[in-house]
Each structure stands twice: as C-alpha cells, then as structure tokens.
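Every number in this text was worked out from the coordinates using simple rules, so none of it is lab data. Just so it is clear, the model here is predicted, and its values are computed rather than measured. A quick note on method: Cβ atoms are made from the backbone with ideal geometry, for glycine too, and the neighbour counts reach across all protein chains shown.
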Amino acid sequence: MATSAVARDVVFALRQKIAKIEGTLPELLVLPSDSTAPSGILVRRNGLASSRDFLLPTGVERLDETLGGGLPKAALTEIHGTQTRNAGAAAGLALCLVSLMIKAKPGALVLWIGTAEIFREAGLPYAGGLEWLFGLAPERLLIAEAPKPTDALWIAEEAARIDELTAVIVELRGNPRGLDLTATRRLHRRAQEAGRPVLLLRQSAEPEPTAAPVRLIASPAPASLRRTLAGPLAGSIGPPAVTVEIGKSRAALAGKFILEWNPNAHTLAERRDESVPENRVAVVSPSRGRADPAAAAGTVLAFRPTSEPAPGDQPSREQHPAHRRPRRAG
Amino acid sequence: MISHRENNTQRIAALDEQAEARRLRPGMGIAEARAMHPDIDIVEADPEADRRLLESLADWCDRYTPLVAIEGESGLFLDITGCAHLFGGEKALLADLMARFFHQGFDVRAGLASTPGAAWAAARFAAGQIIAPGGERNFFARLPLSALRLDPKTKTSLESVGLRTVGAIMDGPRAPLVRRFGATLIERLDQGLGRLEEAVSPRLPVAPLSVERHFADPLSLIEDVERLVGLLAATLKVDLERREEGARRLELLLFRVDGMVSRITVGASRPIREPALIRKLFHERLTALGETIDAGCGFDLVRLSALSTAGFDARQGDLAGEVEDDGEGLAIFADRVTARLGEVAVLEPVPAESHLPERAATVVSYAQEENRKAFAKAGKARRGTVSQSGRLERPIRLFRLPEPIDVPLTEVPDGPPPHFRWRRAVHRVTRAEGPERIAPEWWREGNEAPTRDYYRVEDADGRRYWLYRQGLYGAQAAAPRWFLHGVFA
C-alpha cells in the first residue's frame, strides 16, 4: 500500500511537470464512489476546451468511467483494427462514435479520408449501409481518396479547420513512415484548435507512440441474436457488435468491453451476457478420478532413440546441456 | 539523315543540307546511299516523336495567337487576325517568330497572307514573303500547281495535259476543269484566292478571357510564378466582374525561354474570381507537380486564362463585413484537394434509383457540380425510395469490384456456404441469414444475366460479410461463382 502511495505521488509530480511544460493545468476529476477505480483521476484539460461539452460520453457507463468521463471531443482519437479483414469492426466503432456526435446536429457533414490502398483492401464506405445503421445520409458524407498516406494526412490537416465538417475520419493501413509523433501532434493540435474530433482509423497497424490521448483497439465480436417478441431468434445475426480494448488513455485504466450498437436509437450499450453460443470444445478437461475416458483411436508409438543411451541412466552426450559439459582448461 | 521503311526497303525519308550536298535524295534506298557514302549517319524515323514535337511547337506558337492549327505532318497554321498589332505589325511578328525559331535551332519557312491557302503557298514557294490582301492573284499566277495543295493524282493528270502553273488554270473555263479533274481543284483555287472562305480549326478551344505578361528578364523561381498568378488574377478579376462571371476552369501557361510550354489547369467547384483564391489553387497544383515543372532558364511569358466561366452571383456582405457563408469553405477545400490530387480525390456518394447495391449508391467526383445538380433535382422523387432502401440491411463497406471467393461446397443448393476461402484465408461460417435475391436489371444486361443471392454471414471470429452466389446450382453447366461484396460493422 505504501509503495503504491509513493508511486502515485511520483506520477502526480511528473504530471504536474508535464502540465507546466504544456502550459495547461491539471484538473481533478472525481469518479463515482462505487467504481473500483482509484478515487481521483487526473485529466488534463486544455484551457480552450474546458466548457461542458469537452467530453463525448459514449453512453456506456463502464467505458465512460474507465476513460475518465468519455472520449475527448476536441482531440485526435486513434482507433486500431488488428487486421485488415477486421476493417468492418474498426470502421463500425468509428462510425458509432461519429453517429453519437452528429445525433444532435441535423446538418452535420462528415469527411472520410482514406488512402487508395485501404479503400481497395477494405472496401469503400457504402452510403446505403451507413444510412441504415448510423443515420448518416449520403449527402452528409464526403469521401476523400488520397494516393499516398502523406496526402491523406495533408487532407486531414486541411479538413480539420473546415467549420462545416463535424467529424473527420482518417483511415490508413499499417504503419506508414509519414505518421510519426510530429504528424499526429499536428493533427491533434488542429483538432484542439477547431474543437472538433479527428478519428485516426488504423487498420492492421502496430501501436506506436502518437500524440493521440486515447487509443481504442477494435476487434470483431459475434453479434447477439435478433430480439423478437417471441424471444431471441435462433441462428440470426443481430445488431453490430465490437470488442473494444483501451490501448491508451489519460486515465491510464485498462479495460475490455463488448459494445453493441442500437441502430434504431443510435446508442451504444455494453453486452455482458453471453447470449452467443460458445464454441463447443470443452473448456475444462475431463476429470481424472472417474472411470477411464474412452481410449484414443490408434496405438501409441514411441519415437526411436536418436543415439545410444548413455550408461547408468545418464543423458546422452547430445542431451547434455552445453553449460554442464566439463569445462576445458586452457 | 532519317530513314523509314517503305515497301520492305529502308529508304531515306529526310536529310540535312550536308547530305543533300553529297547528292543524296529523299526516297533513295539506304543500301544505295551507304554504298555511295559509307560514313553517313542514319536514324530510324519516329513519326510519333515528330508529332509530339510539332504539338509542342504549336503550344509554343500560342504566344502569338490562341488560334493555332496543325497542318499535315510538318506545318502549322497561325490565325493572327487581330494579334499582329501586339507585336508591332505583321512584319515585326513574322521577323520575331523566325528569329525565335532560329534560336531554338529550327529551320522554319513562313509565309503570311490573308487566306490560309495563299499563306501555305507563300511559306513553301516564297519563304518569308507577306502577301498583301488582293495580291493573291498575281502571286499565284507564276507558281507551279503543287502550290494549290492538290493530291498527286490530280496534279499529274493536269501536268500531262500541259497545265503546269496555277496561272494556266486560273483563267481557264471552270466547268470542264471540274468535270475532268473534280471539284477539289476549283475549290482549292478559290480558297487560295480568297473567293471561298476556309476555316482553320484551332487545335485547342480559345479561352474566353486571358491575361498575360511578357518578361525581358525571365522568371526562374516557382515562388515568383505563384506571386505573378496573384497579380494576373487581379487583372482577370476586373474582366470577370465586367462580365458578371466567375471562372470554373483556369489554365496557367508557362512559356520557357527555350520553347518549352507547360500547361497547368485547375478547376473550381463553384465560380471564383478572388485573386487570393486563384493563387491558392495554383499553389496546390504547383506543389503537387513539384519537380515536374522545370524552370530551366526561366519563363519569359506567363499567361493565365479562364477556360470556362459561369455566372457569378455576387453576395453582399452584412454591415459587420461578414459574408453569409453557405458551404463556401468546404467548396474551396474540395477545390484545393482536387487541384493537388486530381479530379477523383474528393468523392460524394449519390443515391440512384436502382436495386443493384453497387449502382444504388455510386460515388461521383465532388467537382462535378452538374452531376450533383442533376441528382439534387431527382432528389425530391428519390427521397421516398431511399428511406425504403435505407431499411434494407446493407454493409457499411462495399468493394469496388466484388472479390471472388472459393466455395468448395454448400450443404443445400440454395444455402450459404459452411466455409469459404477469401484472400487465401479460410473462414468458417457460424451463422448466416438469407438469401436475398437481387435480379439483374434486364433493361441493361439482358434477360440472360444470372441472378444474385446475397447472404449475410458471420464467421467464427465475429466478422460479418456479405456474400453472393451468381447464378444457381444446376441452372447452367458450370457451377455458379461466389463473391464477397462487402463487410458489415
């Protein structure tokens, strides 16, 4: 206990120092008392965006608590997809967040920037599906296709200060050379100045140091069953679901959530009950004390020894570990 | 010396003065020429390159007049009507043109006349001569028949009856000539003499407005060019304001001292006339071009022209000096991205009335305002259908081309596959919904096109895909093919 208190003190001092360098003051955010997290979490707030709508609550209680109140609105947020074929899940999470942001604004425009490579590999955003799921009408979406990642970053920087755009999604694949700490810092600053979010959607990328305060790692999750009046419909595919892991956040709390999108109410919710049938392989191995389990098919054969066994039950020469061999003098 | 292949033998196509002095002639066999002079240097003819050179020369001649036409394989027509005074008269213009060509290393013959036919003849038979209006008759009288741009057959048959000069047929009876040698002969004659109007069709459309600046001391810095664009645009703005128009497409022509001409075009999604904006667009384009624009020894003429213009509705600012802004920032942003990365960089999804998923929501370039307007017009009508199709479960990402997948078997002919291979990875299907049958549009693809049965499937890891089977099992000899068309969230 004492060590953790000392450690917390050191972390606090360091955060004060960083805040001084950045010129913003740390602010104490008190979490609800019933949470398991430590009672005080430090969140640095920019003097510019300290108004009430500084954070975007996701609507998922546990996720909001872990993030320290919600996603920062005027910031760069990284969303990682683990593989290119998981592009649907990562894009879905980004669109959920965008949909939450534009829900209040009727004429909001969204710009989706991607490289030609990712649009070829993972598909172009499809207006029909976006309207159905996220309420994003075709006339409210703009797509920018850049030949190279550096071009995509340039468009993103320019777009971040356009007042008409409510949110900007930048989608890149892998770890391009242009996307370093400097580039993400520039994007983050632009987002902070404009007070609008920039979502950096990265497919099949390795986490690396960036200036984004929050990094979410999205991976696919099996959907729940469709709910009907007569109960869940067997064998059906229900609303979209995604597994979200917090890779990085200012609150520095880890967490893994399965989120489910409600396409009618346009809200996120956490799914705790496992209504999806698990795979049928037994998780626990059969107990030993009972009667003999069924014999395995076939017979068990021993491998032939590779060399003559050493006398006296000693391991053979080859099996002698190198460091145990008699050391040669001289 | 340049050779070309004709009837399976290498023959001389063109040669320089030195070779001419050694009694070599065009049309002579290469073997023969080599036997006479073993030390000659022979280059294979490249008509494509010749054409490119001629086109670049035509580009360069744009500095004299916007009406430049390519004539045949080695000629250029310049319509200098109303342009001569800018260069100090016809004579000065011709002298300037000849001098500049000479310094570029070209051997040029030029003629100037009031009809294209006479100018053509003057360039070939009286180099450097200026035929005054009305003087064509005297000029043509002593020229051979080839000055009339006749085909060789007509020329030979005329010469065979003893008519060797233009003067001989000029005053002859016209009806028998037409009857015997065709209408082209008289037509050419009349065109040469100015009795018949002949139009020179310029190779490029003429810009409605253009401003240019000549430099005695060439510009060699791209930054200077950018600054100059701002100045030229300020001049252009006055003209545009007078016409109550704004520019939709702008072109910047950079004439390099050594004759190289660069054309840089930018488009605007709505009419613009602000110099700062125009400069910004060209800045993006020049940055994107980067190294490909080589200033070399510098540019001595820079021209900015508005290729297409459109009505510009001026908006009045309010008292605070702030103009009502309806998406203007966005339009400028889109223009800048388009200027740097090309027409298809900014796309906009447009719903269309179709039940084929790839046609129902296509993407069009944001720059094409006409497209958007057409769709917006149909917008009222389609609003209902979209909300209808908005209820259909559609993927959030669609592949531009459906990707073929490998389906080894299905449990029932109409069922989803239990597993499939996509991009070399096997995906095991745990749940599936469907099929949703989408028939092809018979008015486009005919009756025979196979139908598609779409399935929503989820694999063991929870990824959701949109698959379809093209055709039916048992309907045709080959097994139907399977495709992956999109992914769900």
ask   = With Cβ to Cβ distances under 9 Å as the rule, what net charge do the other residues near residue A:216 carry (K, R +1; D, E -1)?
value = 0
request  = Describe numerically, in nm with one decimal, the distance between label points set 7 Å from Cα along Cα→Cβ at residue B:127 and at residue B:37.
outcome  = 1.8
remark   = Helix B:275-289 sits off the longest principal axis of the Cα atoms of chain B, rounded to the nearest 10 on a 0 to 90 degree scale, by 90
key: Members of A:20/A:73; A:20/A:248; B:91/B:237; A:103/A:256; A:148/B:280; A:20/B:280 lying beyond 27 Å, as alpha-carbon distances in this model show   = B:91/B:237; A:20/B:280
inquiry  = Can you give the longest run of chain B that contains no trypsin sites (Lys or Arg not before Pro) sitting in a DSSP loop with at most 10 other Cβ atoms inside 10 Å?
reply    = B:24-390
query = Once you list every other residue whose beta carbon is under 13 Å from the beta carbon of residue B:238, what net charge do they have if Lys and Arg are +1 and Asp and Glu are -1?
reply = -1
request  = Subtracting the Cα-Cα distance from 0.36 nm times the residue separation, let me have the gained length for residue B:258 to residue B:153 in nm, one decimal.
outcome  = 33.7 nm
task = At 37 °C and 0.692 mPa s, grab the translational diffusion coefficient of the stretch A:47-175 from Stokes-Einstein with a Kirkwood Rh over Cα pairs, rounded to a whole number in µm² per second.
result = 211
note = Interchain or sequence-distant (5+) residues whose placed amide H lies within less than 5 Å of the amide H of residue A:115 are A:146, A:171
request  = Could you calculate, for the stretch A:214-255, the ratio of the Cα radius of gyration to the Kirkwood radius, expressed as Rg to Rh?
outcome  = 1.23
request  = Could you pull out every residue, at least 5 positions away or on a different chain, whose amide H is within less than 5 Å of the one on residue B:431? Hs are placed 1.01 Å off N in the peptide plane, and Pro or chain starts have none.
outcome  = B:458
task = Sum up the charges of everything whose Cβ sits under 13 Å from the Cβ of residue B:396, counting Lys and Arg as +1 and Asp and Glu as -1, but leave residue B:396 out.
result = +2
Cα-derived Rg over Rh, computed across the stretch B:86-193 with Rh taken as Kirkwood radius = 1.06
message = Checking the a/c ratio against 1.5 first, then a/b against b/c, what shape does the Cα gyration tensor give for the stretch B:204-257?
response = prolate
task = For chain B, find the longest principal axis of its Cα atoms and tell me its angle to the long axis of helix B:90-104, 0 to 90°, nearest 10.
result = 70
query = Which whole-number value in Å³ per residue fits the convex hull of the alpha carbons of the stretch A:96-158?
reply = 91
ask   = Taking Cα atoms, how many degrees apart are the long axis of helix B:379-390 and the longest axis of chain B, rounded to 10 and kept between 0 and 90?
value = 40
ask   = Give or take rounding to whole Å, what are the principal axis extents of the alpha carbon atoms in the stretch B:397-487, in descending order?
value = 40, 28, 23
Size descriptor, Kirkwood hydrodynamic radius, that averages inverse alpha-carbon separations across chain B, Å = 29.4
note = The answer for residue B:203, listing residues at least 5 apart or on another chain whose modeled amide H is closer than 5 Å to its amide H, is B:68, B:69, B:70
key: Pairwise label distance in nanometres, residue B:214 with residue A:229, each label 7 Å out on the Cα-Cβ vector   = 8.8
request  = Sequence neighbours fewer than 8 away in the same chain don't count; with that in mind, list the aspartates and glutamates whose C-alpha is under 17 Å from residue A:17.
outcome  = A:9, A:27
query = Assigning unit charges at the beta carbon (Lys, Arg +1; Asp, Glu -1) and nothing else, what dipole magnitude in debye, to the nearest 20, does chain B show about its Cα centre?
reply = 1200
inquiry  = Tell me whether the stretch B:396-444 comes out rounded, prolate or oblate; compute the Cα gyration tensor, take square roots of the eigenvalues as a ≥ b ≥ c, and use a/c under 1.5 as the rounded threshold.
reply    = oblate
key: Whole-number percent relative contact order across the stretch B:397-487, with pairs defined as alpha carbons under 8 Å at least 6 apart   = 29
